[in-house]
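Here it is: the structure, laid out below.
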Amino acid sequence: MKWDSSFAIGIEVIDNQHRKIFERLLAIENSIAKRDPWHVLHFLLSQLAESMKFHLAVEESLLEVTRYPGLKGHLESHTRIIDQMAELEEKLKRDPSGESLVGFFEDWFLRHVLSGDRDYADYLKVEFPAICRRKAA
Ligand SMILES: [Fe+2]
Ligand SMILES: [Fe+2]
């Protein structure tokens, strides 16, 4: 997998966070391919969890202050991602072949970024265009 500009949803601060998470997923993929010992993988997974939790909290605040109508469903999707991350760690511990990571990549990217996040980005572009134009610090 490679980062593609089509993954961008058009809100710079969010796109930067998505990209960082994507890069951390790639680092895990590489670590699996190199058959790194478990403690290395564990460290990379904790880094992923850290940037993911931060990102989800930023999105949740953004959607609350802008009164996004789909907030409830979006929050539920975030809870699922946190659960899936815990499952991913368990699966990789049992079988570090990378199969479970492929599933997580697809789920996270296809459902979260390319679908769920795009929906709120469409709402913000209409209702709060200034937020979408703002450059990331
Ligand atoms: Fe997101
Ligand atoms: Fe989200």
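Quick note: the coordinates plus some simple rules give every number you see, no bench work behind them. What you see is a predicted model, and the numbers here were worked out from it, not measured in a lab. All Cβ positions, even for glycine, are placed from backbone atoms using ideal geometry, and neighbour counts span all protein chains on display.
Grab the helices (runs of 4 or more DSSP H) fully contained in the stretch 35-137, keeping just those with 1 or more residues being farther than 19 Å from residue 24 by Cα and away from ligand 1 (no atom under 14 Å from the Cβ).
The helices (runs of 4 or more DSSP H) meeting that bar are 38-65, 71-94, 117-127, 129-133.
Are there any pairs with C-beta distances below 6 angstrom linking a residue in the stretch 59-70 that is closer than 13 Å to residue 11 by Cβ to a residue that is assigned to a loop (DSSP other than H, G, I, E, B) and not charged (D, E, K, R), with the two at least 6 apart or on different chains, and if so which?
Taking only residues 6 or more apart or on different chains, the pairs are 66/128.
Just checking, which of 117, 107 is free of Cβ contacts under 8 Å to residues at least 40 places away in the same chain and either within 16 Å of ligand 2 (Cβ to nearest atom) or surrounded by 15 or more Cβ atoms within 10 Å (Cβ to Cβ) (or both)?
107
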